[in-house]
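Written out below as structure tokens is the structure these notes cover.
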Amino acid sequence: MTQFTKWISAAALGAMASMAHAADDLTLQLKWVTQAQFGGYYVALDKGFYEEEGLNVTIKPGGPDIAPTQVLAGGGADVTVEWMPAALAAREKGLPMVNIAQPFKSSGMMLTCRKDAGISSTDDFVGKTLGVWFFGNEFPFLSWMSKLGLSTEGGDDGVTVLKQGFNVDPLLQKQAACVSTMTYNEYWQVIDAGLTPDDLMVFKYEDQGVATLEDGLYVLEDALADPAMEDKLVRFVRASMKGWKYAEANPDEAADIVLENDASGAQTEEYQQRMMREIAKLTAGSNGALVEADYQRTVESLLSGGSDPVITKAPEGAWTHAITDQALN
Amino acid sequence: MSWLIAGALLWALGWYVNVRLASLPKSRLTSLLVPIIFGVTLIIIWESVVRGFEIQQVLLPAPSVIAARFATSTSILWQDWVQTVLKGMMSGYIIGCLAAFATALAVDRFAFLQRGLLPVGNFAAALPIIGMAPILVMWFGFDWQSKAAVVVVMIFFPILVNTVQGLAASDAMQRDLMRTYAAGYWKTLFKLRLPMALPLIFNGLKIATTLALIGAIVAEFFGSPIRGMGFRISTSVGQLALDLVWAEIVVAAITGSLFYGAVALLERKCTFWHPSQRS
Amino acid sequence: MRNLLPVLTVVAALIVLWYGAAVWLNTPWAYDKAQRAGVELSTTELIKDTWSQKKPKLPAPHQVTREIWKTTVEKKITSKRSLIYHSWVTLSATLLGFALGTVLGIALAVGIVFNRTMDMSVMPWVITSQTIPILAIAPMIIVVLNAVGIQGLLPKAIISMYLSFFPVVVGMVKGLRSPDHMQLDQMRTWHASAAQTFWRLRLPSSMPYLFTSLKIAMAAAIVGAIVGELPTGAVAGLGARLLAGSYYGQTIQIWSALLVAAALAATLVAIIGLIQRIVLNRMGMAQ
């Protein structure tokens, strides 16, 4: 933590009456709102896996106005869920984020297009409007467009990029030919709205060879230099991975746990159960440890961004096996 | 530590200079210098706090960093400005003003409408912009039209309320006088009630200037082409390019202030007779 | 009560327009669906469809009212799906922010009117402060305040205060300066001190301006409270519901949260209007 936050936090803590906890406190910042995408952590919380490890974990949901990297920088959380491209870009900007675990093996990102907009292959992208979320999720898309040789400035020989909101209306209302969707979330919103898979042409980033690593656990470098914190993280990762494997095996129960923890009351059972099943496909094959080959693939994809690469040089020290080695043995 | 001490000293110095300048007879020069000195001291305090407490640049960049980024990104800032201010905000402001005036006149003419429309208008005005913006983007598309629509929705109520209040500002004696001159409704409106309403109308117009800019920027958070100040701000926060965010905020602040100043200047020309313009 | 008939007429006219607009806006999607299913729609079928879509571009009034009914009357107040619970969360932040904003606004206005230095230095910056889009820096404010340990209600109230103090400052400055020279001279002939002139002349004549500004400030305070809910995880409050609805494309949910938020704001503004009428009547400044 910086001098400033240390100083003020000490004053604030001193002013507050705090109960002594027998368990260690840890705060996790999620990348998005409470949903099955983060089922493993909620399962670990509800089923007592964190308690077994002597941890008192607070899960903070994310949202459209919350940049997990910023919360980490401001000391609002000890560990955050983030996608690797955003974390590497933040690292280059001066925020020393380190990947300590990678529960998600495969990427769930895809571009969903309407067949009646004339899209049947990537060659048809030229001159069309494509939707992207931004806020950290645009990096894989920009790399892909660069690989296809398409300019994102619009015009007849490029694509027009739309900053889409958080739903799939641009596709439904024909304002865009394609929108970015996740296999576990927005794609099903499109299906729920009435379009059938026959009406749609989907391009999975995994199939296009531009997939990047998604949900991973990140901390700041100085957390790893502190042995007490390191020990907490080891226990945290161990319990979280236990939660993830449980969620994979019991998707419906995990979905119910997520629903109970949803403070906004906006989620539905059907939606979360379906999401949990799709997420289970993405976490399958990972025991939590980051596979270096996957990491290299992501870095190469980001470096090859042509004139506007996401990162300008290969990052150093952006990941560590130190936590997962101890947690998973 | 030295940064903090320097900052505190410069702040005290700035305040002292301002007090001396303010006690001089008020001239165009002093009216400009005092706020500028105040602003400069604020910036100096900001810089010294950021450097003195070593706050991370991804949380709060120092003004020097922001200025550097501003200088290198003028083309981006310019195209964003054109998209948001000219296309979105100005068109929305003009449409909103005209709509609000027309409605206020209708409300004034027909007491029935006044009793019926104003309460409903109160309700409609209370629709929070955060909810209206995604709906308007859904209806009007992603380009500047939805931003103009958001601006219209935001400024309609303040201007309407102030205009209706202003039209009631003339007192009974003055209206009776017009009656003795056999002036009809429209003559009374144009020669007495509208001029007397101007102070309150301008009150509404000034409030609307800031609301219009905010509306145009916020509307872009919910969907936009990849241009525009709101777009740049929201995506740059995600990319942790906070210096670009603050550069855009600086542009927004300058634009808003100039817009407000222009309306205030117009107000001074039109309502020179009101006590608040003479003190 | 004499307002009742006009209000009802206007509301009825609006509802008719609303149904018409719903047909107009939802028709493209209805045709789209029919085309994909390969059926032809008669006019009555089309109209029925546009008024009962699951995710319409413009929900019909009965759809919205049914949703509001479901989430207010048919739910326990403490349930997280109850709009009443969320309304309370937003209301608490709004009231605190409004109170803080009014106090700050009046204090600044008094300072600006009475202190030359403040008038020349602070007023331009007050105006500039409003040009900074709050939605952009709200996340930063929340992050910084959280880092210092201030969480929960206060950060949201601070953002609400930021938006609501400006109308109060502008209105009060105008109001405190509204007594004309004749009246100020009169006070001088009575050997009134600056404080007496303030309490007996300036403050009373600023009341109409103050109440107009308070109404606008209340609406701004609610917007601020909603904006403040977004960076805090969008878990509770009407803003969170709006966002959740927008996120999942649940237009009916958006509209129901929107109408409840508007109803909340309108009620608060009406309360201020009532207080305005009572106070101004007692002061003999009835309008």
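Laid out as a table, the results:
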| item | result |
| --- | --- |
| Test for C:S178: is it of a type in the set (S, T, N, Q), touching a Phe, Trp or Tyr at 6+ places or on another chain (Cβ under 9 Å) and closer than 30 Å to C:V269 by Cα | yes |
| Selection count where residues are within 16 Å of B:Q56 (Cβ to Cβ) and at the interface with another protein chain (Cβ under 9 Å from one of its Cβ atoms), scope the range A:78-90 | 2 |
| Search result, residues across the range C:235-287 that are touching a residue at least 60 places away in the same chain (Cβ under 8 Å) and of a type in the set (V, I, T) | C:T251, C:I252, C:V260, C:I272, C:I275, C:V279 |
| From the options B:T209, B:T255, residue that is within 24 Å of B:A126 (Cα to Cα), within 11 Å of another protein chain (Cβ to nearest Cβ) and assigned to a helix (DSSP H, G or I) | B:T209 |
| Matching residues, the range A:239-250, being over 18 Å from the mean Cα position of the chain (by Cα) and buried (at least 21 other Cβ atoms within 10 Å of the Cβ) | A:A239 |
| Residue check for B:V40: assigned to a helix (DSSP H, G or I), more than 14 Å from chain A (Cβ to nearest Cβ), closer than 14 Å to C:M118 by Cβ and β-branched (V, I, T) | no |
| Index of the failed condition, B:K269 passing every other in (1) within 23 Å of the chain's Cα centre (by Cα); (2) within 14 Å of chain C (Cβ to nearest Cβ); (3) more than 30 Å from A:I311 (Cα to Cα) | (2) |
| Positions within the range C:234-243 being modelled with pLDDT of 75 or more and crowded, with 24+ Cβ neighbours inside 10 Å, in sequence order | C:G237, C:L238, C:G239, C:A240, C:R241, C:L242, C:L243 |
| Test: residue in the range A:212-221 that is free of Cβ contacts under 8 Å to residues at least 12 places away in the same chain and loosely packed, with under 15 Cβ neighbours inside 10 Å | no |
| Single residue of the range C:71-101 satisfying the filter (among the basic types (K, R) and surrounded by 15 or more Cβ atoms within 10 Å (Cβ to Cβ)) that is farthest from the other protein chains (Cβ to nearest Cβ) | C:K75 |
| Any pair with Cβ under 9 angstrom, 6 or more apart, that starts in the range C:26-49 at a residue that is closer than 24 Å to A:P170 by Cα and ends at one that is part of a loop (DSSP other than H, G, I, E, B) and among the hydroxyl-bearing types (S, T, Y) | C:R36/A:T196 |
| Residue match in the range C:151-158 (condition: modelled with pLDDT of 90 or more, β-branched (V, I, T) and closer than 30 Å to B:M154 by Cβ) | yes |
| Total residues in the range B:185-242, condition buried (at least 24 other Cβ atoms within 10 Å of the Cβ) and aromatic (F, W, Y) | 2 |
| Scan of the range A:88-128 for residues that are under 18 Å from the mean Cα position of the chain (by Cα), basic (K, R) and assigned to a helix (DSSP H, G or I), ordered by number | A:R91 |
| Candidate set from the range C:183-233 (those that are farther than 22 Å from C:L153 by Cα and of a type in the set (S, T, Y)); member that is surrounded by the fewest Cβ atoms within 10 Å (Cβ to Cβ) | C:T189 |
| Sole residue being under 23 Å from the mean Cα position of the chain (by Cα) and not in a loop (DSSP other than H, G, I, E, B), chosen from B:G121, B:G116 | B:G121 |
| Residue within the range A:224-234 that is part of a loop (DSSP other than H, G, I, E, B) and free of Cβ contacts under 8 Å to residues at least 60 places away in the same chain present | yes |
| Qualifying position, being in contact (Cβ under 8 Å) with a residue 24 or more places away in the chain and charged (D, E, K, R), among C:R188, C:R177, C:R200 | C:R177 |
| Odd one out for C:T212 among (1) touching a residue at least 40 places away in the same chain (Cβ under 8 Å); (2) among the β-branched types (V, I, T); (3) over 25 Å from B:T163 (Cβ atoms); (4) touching a Pro at 6+ places or on another chain (Cβ under 9 Å) | (3) |
| The range C:248-272, residues that are more than 8 Å from every other protein chain (Cβ to nearest Cβ) and not hydrophobic (A, V, I, L, M, F, W, C) | C:S256, C:T267 |
| Some residue of the range B:128-135 being crowded, with 18+ Cβ neighbours inside 10 Å, in a loop (DSSP other than H, G, I, E, B) and within 11 Å of chain C (Cβ to nearest Cβ) | yes |
| Residue within the range B:68-84 that is at pLDDT below 85, more than 14 Å from chain C (Cβ to nearest Cβ) and surrounded by 24 or more Cβ atoms within 10 Å (Cβ to Cβ) present | no |
| Tally of residues being more than 14 Å from chain A (Cβ to nearest Cβ) and of a type outside the set (A, V, I, L, M, F, W, C) across the range C:145-177 | 8 |
| Residue under evaluation B:A168, criteria (1) within 7 Å of another protein chain (Cβ to nearest Cβ); (2) farther than 28 Å from A:Q173 by Cβ; (3) touching a Leu at 6+ places or on another chain (Cβ under 8 Å), criterion not met | (3) |
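Residue by residue, here is whether (1) touching a Gly at 6+ places or on another chain (Cβ under 8 Å); (2) aliphatic (A, V, I, L, M) holds:
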{"position": "C:W199", "(1), (2)": "no, no"}
{"position": "C:A225", "(1), (2)": "yes, yes"}
{"position": "C:G239", "(1), (2)": "yes, no"}
{"position": "C:L258", "(1), (2)": "yes, yes"}
{"position": "C:I272", "(1), (2)": "no, yes"}
{"position": "C:L280", "(1), (2)": "no, yes"}
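The values are calculated or read from the model by the stated rules, or taken from the named source; none is laboratory data. What you see is a predicted model; the values in this text were computed from it and never measured. So basically every Cβ, Gly included, is an ideal-geometry build from the backbone, and we count neighbours across all protein chains shown.
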